[in-house]
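One structure below.
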Amino acid sequence: MLGGKKILLGVCGSIAAYKSVYLVRQLVKEGAEVKVIMSKGALDFVTPLTFSTLSKNKVYADFSNDEDQWNNHVDLGLWADVMLIAPATANTLARMANGICDHFLLGVYLSAKCPVIVAPAMDLDMYKHPATIANLDKISSFNKHYIIQAESGELASGLYGEGRMAEPDNIVNYIKNFFLNTKKGLSPLRGRKALVTAGPTYEAIDPVRYISNHSTGKMGFALAEVLAENGAEVILISGPSLQKEIHPNIRRVNVTTAEEMYQASIRAYSDVDVAILSAAVADYKPAIVHDLKLKKSENEHALSLVKTKDILKKLGEQKTGQILVGFALETNDEIENAKKKLNAKNLDFIVLNSLRDKNAGFKHSTNKITILDKNGDKDSFPLKQKKDVARDIVQKVITYLN
Ligand code: CTP
């Protein structure tokens, strides 16, 4: 399945480098042409001879070679159909995230124009460190960058947890799927219009206080980016969020309240092919918004709340052929609750995440979803960076539109 594909494999200094030997073997067996670049640290774990024997290609580890000639990092970067960095250490991830280029592998990485796939490997605490999480988040936000989440198991330290490089067979499958999807065209959503809602809403109590929730907008912004990267023209209706949209095909509309989000969504809806409502819209708002700041007086203060308009439900009622996607964040009876919402709101599919899953939902840069569709199909995905989760959701949209 990988016949003729040119894969540039970057191997970093981790014990998981031994797995990359088998990875090269499998990639070559599938028909790929593989060139290997090793970091200085990787040389301590595996010899270049092992990789050159298996790949039948020269192995690169430095800016110059034994004959004192320059190894051309630009040519190598341009040669590849895909650059795979496996294992990617915490150190290399930090350098990639910040454009630091202090060894040959990073020089090639910065020169490469092809998609880049990264398979991290490190000890569990390093993998969970906020710095590593932020670096992975940043890398996955770069155009055509993909992360293969580390797996759980016994680690070199003897500890047990998440951080092990994905198994070589899983990496090979990922790459096969990757080429299969891109073969279908790099801009499958060209000419399509999409609406995305994102972030929380703020419902004022008085000029100082409001009711809201923990949504950051990350998931919705990732969806807007992926839709745009696939060629769609995106209108992103966002509640208050610090996220930034990067793609020029995204038009951002800022709103504050559920009512404003409702009005903006209704206005945009008739013109789009797909609407993905990922915003965490307040279900209730204060019945009265006080003009002046409420002063404290009584020991208890009851706040009367009224329901906001359900945007998703309304769009379900007004559907004229759009693909309509909703989210369900649940804490219990997840599947049952999500199915109810799918039907009640006339959706094509619903993306379920459970607050019971570790590292999923609000505030995390990762998410773990199950997609339930109107035909009764159910697809569960492993924990992934939100950008990769967005890719899975957009992939499903693409299959619906084609
Ligand atoms: N939604 C919306 N407008 C609202 C409330 C929610 O568009 N006023 C959308 C969300 O963007 C999300 C989905 O509806 O896509 C969530 O479904 P919902 O039934 O509102 O979930 P909850 O509010 O969590 O419902 P419940 O509290 O009953 O679980």
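Couple of notes before you dig in:
- Residue check, residue 35 among the basic types (Lys, Arg), touching a residue at least 40 places away in the same chain (Cβ under 8 Å) and either open to solvent by less than 30 Å² (accessible area, probe 1.4 Å) or in a helix (DSSP H, G or I) (or both): no
- Residues of the stretch 317-329 satisfying the condition of being open to solvent by less than 70 Å² (accessible area, probe 1.4 Å) and assigned to a loop (DSSP other than H, G, I, E, B): 319, 321, 322
For every residue, the table says whether it meets (1) more than 20 Å from residue 16 (Cβ to Cβ); (2) of a type in the set (Asp, Glu); (3) open to solvent by 10 Å² or more (accessible area, probe 1.4 Å); (4) in a helix (DSSP H, G or I).
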residue	(1), (2), (3), (4)
84	no, no, no, no
92	no, no, no, yes
102	yes, yes, yes, no
106	no, no, no, yes
117	no, no, no, no
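- Given (1) in contact with a Gly (Cβ under 8 Å, 6 or more places away or on another chain); (2) within 21 Å of residue 146 (Cα to Cα), number of the condition residue 78 does not satisfy: (1)
Yes/no matrix, rows are residues, columns are (1) among the aliphatic types (A, V, I, L, M); (2) in contact (Cβ under 8 Å) with a residue 60 or more places away in the chain; (3) touching a strand residue (DSSP E or B) at 6+ places or on another chain (Cβ under 8 Å):
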residue	(1), (2), (3)
157	no, no, no
162	no, no, yes
172	yes, yes, no
190	no, no, no
193	no, yes, yes
200	no, yes, yes
208	yes, yes, no
215	no, yes, yes
218	no, yes, no
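- Some residue of the stretch 225-247 being touching a Lys or Arg at 6+ places or on another chain (Cβ under 9 Å), open to solvent by less than 40 Å² (accessible area, probe 1.4 Å) and of a type in the set (Asp, Glu): yes
- Of the numbered criteria (1) surrounded by fewer than 18 Cβ atoms within 10 Å (Cβ to Cβ); (2) within 13 Å of the ligand (Cβ to nearest atom), the one residue 369 fails is (1).
- Within the stretch 318-329, considering residues that are more than 12 Å from the ligand (Cβ to nearest atom) and not polar (S, T, N, Q), the one farthest from residue 398 (Cα to Cα): 319
- Restricting 217, 191, 199 to those that are open to solvent by 70 Å² or more (accessible area, probe 1.4 Å) and under 27 Å from residue 145 (Cα atoms) reduces the list to 191.
- Selected residue [open to solvent by 50 Å² or more (accessible area, probe 1.4 Å) and charged (D, E, K, R)] from 176, 144: 144
- A residue that is part of a helix (DSSP H, G or I), open to solvent by less than 70 Å² (accessible area, probe 1.4 Å) and away from the ligand (no atom under 11 Å from the Cβ) can be found somewhere in the stretch 330-339.
- Of all residues in the stretch 260-296, those that are open to solvent by 60 Å² or more (accessible area, probe 1.4 Å), without any contact (Cβ under 8 Å) to a residue 60 or more places away in the chain and over 27 Å from residue 232 (Cβ atoms) total 4.
- When we screen 347, 303 for residues that are surrounded by 19 or more Cβ atoms within 10 Å (Cβ to Cβ) and in a loop (DSSP other than H, G, I, E, B), the only hit is 347.
- Test for residue 314: is it open to solvent by 60 Å² or more (accessible area, probe 1.4 Å), assigned to a helix (DSSP H, G or I) and closer than 14 Å to residue 278 by Cα: no
- Residue 301 vs. criteria away from the ligand (no atom under 11 Å from the Cβ), touching a Leu at 6+ places or on another chain (Cβ under 8 Å) and more than 26 Å from residue 226 (Cβ to Cβ): yes
The values are calculated or read from the model by the stated rules, or taken from the named source; none is laboratory data. All of these numbers come straight from a predicted model, not from anything done at the bench. Neighbour counts run over all protein chains shown; Cβ positions are idealised from the backbone, glycine included. Areas reflect the complete protein model, heavy atoms only, side chains present, ligands, DNA and RNA absent. Shrake-Rupley method; radii C 1.70, N 1.55, O 1.52, S 1.80 Å.
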